Amino acid sequence: MTIFRGTFIDTPENPFTGGALRVDTDAGLLVDDGVIVARGPFLDIRRAHPAEPVVDLTGGVVLPGFVDSHVHFPQIRAVGGLGLPLLEWLDKYALPEEARMADAVYAAGVAREFVRGLAAAGTTSALVFGAHYSDAMDALFGAASEVGLRITSGLVLSDRLLRPDLLTTPVRAYAESLALANRWHGTGRNRYAVTPRFSLSCTDELLATCRELMEAIPGALFTSHVNENEAEIATVADLFGGADYVTTYDRHSLVDRRTVLAHNVHPTDVELKLLGVSGATVAHCPTSNAALGSGLFPLHRHLQHGVRVALGSDVGAGTGFSLLKEGLQAYFCQQLLADQGRPLTAAHLLYLATTAGAEALNLPEVGHLSPGQAFDAQLIRPAADSPLAVSITHAEDTEEALARIFTLGTPGDVQAVWINGALLTP
């Protein structure tokens with residue numbers, strides 16, 4: 001067993017429904033075989049376990065590992081393609097890069113960059129939008145296994161409107177997806193997600209195949225995109241006889257507790273009601289929405305309808321892996337909505353980046369730092385005299401310090417990351 005000593009901050013209870021930020025200063029976490037078995041004042045934990053080694057994390061703050069609910073593995077080298085809305089950005093930047101994943105050697109290099117980029121940003125779990133090629137998915141799952149990340153991902157499926165080299169058929173999609181799931185679902189910390197790209201690029205036949213895959217892979221998640229861009233939404237309605245975007249998935253029984261849909265910037269109230277009743281989650285990706293000019297996320301309307309929301313980085317339309325940056329952008333978004341927005345505190349931002357994501361991904365063992373949880377954690381300890389270090393020093397309390405971490409923090413301030421109690425190496 002090991003005792004970790006430091007200041008621990010987390011959100012075990014939802015602050016949108018009355019939960020509060022939990023802060024323990026000079027506290028101890030006793031970790032046994034990767035699992036937290038006790039939490040309390042350091043001196044109490046030390047007296048109860050005098051022979052156990054101590055890892056001193058004072059001088060910084062310890063947060064739970066971040067949980068990214070939407071990030072694209074093949075797009076890490078496409079970050080920074082600015083100046084275009086969604087569909088044009090896909091054609092110019094994202095899809096050519098995704099086509100390069102057909103080269104297994106190229107894909108393996110991207111996979112290594114991707115998982116290390118996540119870990120360096122303090123992200124220990126992620127729902128990853130995968131590649132259109134099985135060999136590239138093998139590379140992703142393999143690279144995640146080497147680092148130790150908790151990755152849920154799957155083969156991306158499309159059978160219309162995209163460039164031809166990214167298309168599949170329902171029969172091939174089923175066979176290749178099931179083969180990948182048989183290799184990787186439940187292997188180590190990997191899990192499978194059935195992943196149609198979006199209704200725009202999927203026929204009803206392919207979406208019906210996705211339903212078959214959900215039935216064939218127990219415990220799989222379902223993820224796709226929804227209501228991101230107004231031109232995209234209009235085209236989906238044309239393709240599906242006037243149906244709203246959420247219904248294109250729901251008509252195939254693909255909207256339930258296991259569903260995570262990214263964006264939902266322009267939902268109808270009918271769609272929000274369906275998402276709320278079904279228990280699905282929306283992955284809010286604020287830097288991507290801003291970079292592509294997609295719009296301001298209506299968080300308050302989601303909460304009114306009981307829709308679960310978590311944060312996603314959406315690399316590569318998003319501007320980096322850090323959920324600190326996404327949290328800050330989410331705050332900006334709600335401020336810009338004025339009386340239509342939902343004011344956010346540091347507690348809300350931490351919850352969206354941790355516990356909410358863990359709930360969305362059905363990972364009850366992570367998201368906060370309570371006894372019984374896995375020790376997935378990150379140490380934020382900025383360099384001495386850096387703007388963040390100075391700002392934290394002058395914060396009135398720990399919640400204000402956390403707000404300053406979201407405001408000024410970068411992956412460079414993440415000094416250490418643990419998954420299941422194991423310290424990740426650079």
Grab the DSSP H runs of the chain that are 4 residues or longer, score each as -39,500 (n - 2.57), total them, divide by all residues and round the 222 nm result to the nearest 500 deg cm²/dmol. -10500 deg cm²/dmol
Note down the nm distance, to one decimal, between modelled labels 7 Å out along Cα→Cβ at Leu43 and at Asp26. 0.7 nm
Given backbone amide H placed at 1.01 Å from N, residues whose amide H is under 5 Å from that of Leu221, ignoring those fewer than 5 places away on the same chain, are Tyr192, Ala193, Val194
Using only the Cα atoms, work out Rg/Rh for region 1-66, with Rh taken as the Kirkwood radius, to two decimals. 1.01
Select from Asn289, Asn264, Asn362 the residue whose mean-square fluctuation is largest in a Gaussian network model of the chain (Cα-Cα springs shorter than 10 Å). Asn362
Count charges around Thr425 for me, please; just the other residues with Cβ under 14 Å from its Cβ, Lys/Arg as +1, Asp/Glu as -1. +1
Would you mind checking the tilt of helix 269-278 against the longest principal axis of the Cα atoms of the chain, expressed as 0 to 90 degrees and rounded to 10? 60 degrees
Report the one residue of Val31, Ser391, Ala330 whose Cα lies farthest in the direction of the positive end of the charge dipole of the chain (charges on C-beta: Lys and Arg +1, Asp and Glu -1; origin at the Cα centre). Val31
Between the alpha carbon centres of region 76-104 and region 2-21 the gap in Å comes to 38 Å
Please list, in order along region 156-167, the HN-Hα scalar couplings obtained from phi with the Karplus expression 6.51 cos²θ - 1.76 cosθ + 1.60 (θ = phi - 60°), rounded to whole Hz, x for Gly and Pro. 7, 10, 8, 9, 6, 6, 7, 4, x, 6, 9, 9
Heavy-atom accessible surface of the chain: percent carbon and sulfur, 1.4 Å: 54 percent
Here FRET efficiency (C-beta to C-beta, His300 to Ala208, R₀ 41 Å, nearest 0.05) is 0.75
How much length would be gained if the chain were fully extended between Leu84 and Val171, taking 0.36 nm per residue of separation minus their Cα-Cα distance, in nm to one decimal? 27.9 nm
Could you give the length gained by full extension between Val390 and Thr268, i.e. 0.36 nm per residue of separation minus their alpha carbon distance, to one decimal place? 39.5 nm
Rounding to the nearest 10 and keeping the result within 0 to 90°, find how far the Cα-based axis of helix 134-147 lies from the longest principal axis of the chain. 0 degrees
How far apart, in nanometres, would the label points at Ala179 and Asp103 be if each is projected 7 angstrom from Cα along the Cα-to-Cβ direction? 2.3 nm
Report the full-extension gain for the segment Asp91 to Val54: residue separation times 0.36 nm, less the Cα-Cα distance, to one decimal in nm. 8.1 nm
What ranking, highest mean first, results for peptides 224-231, 160-167 when packing means the other Cβ atoms within 10 Å averaged over each residue? 224-231, 160-167
Rg and Dmax in Å for region 208-291, alpha carbons only: what are they? 12.8, 37
Given the convex hull over the Cα atoms of region 103-200, what projected area results after averaging over all orientations, in nm²? 6.1 nm²
Round to the nearest 10 and give me the degree value, 0 to 90, for the angle of helix 170-184's Cα axis relative to the longest principal axis of the chain. 20 degrees
Nonlocal amide H pairs with Cys285, under 5 Å, H built at 1.01 Å: His263, Gly312
In square angstrom, rounded to the nearest 10, how much accessible surface does Tyr133 have for a 1.4 Å probe? 40 Å²
Can you tell which of Asp33, Asp256, Asp204 shows the greatest fluctuation in a Gaussian network model of the chain with Cα springs below 10 Å? Asp33
Result for region 115-233: accessible area per residue, probe 1.4 angstrom, in square angstrom, of 30 Å²
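The values are calculated or read from the model by the stated rules, or taken from the named source; none is laboratory data. Keep in mind the model is a prediction, meaning the values are calculated, not measured. Please note: Cβ atoms are built from the backbone with ideal geometry, for glycine as well, and neighbour counts cover all protein chains shown. To get the accessible areas, we keep the full protein, side chains included, count just its heavy atoms, and leave off ligands, DNA and RNA. Shrake-Rupley method; radii C 1.70, N 1.55, O 1.52, S 1.80 Å.
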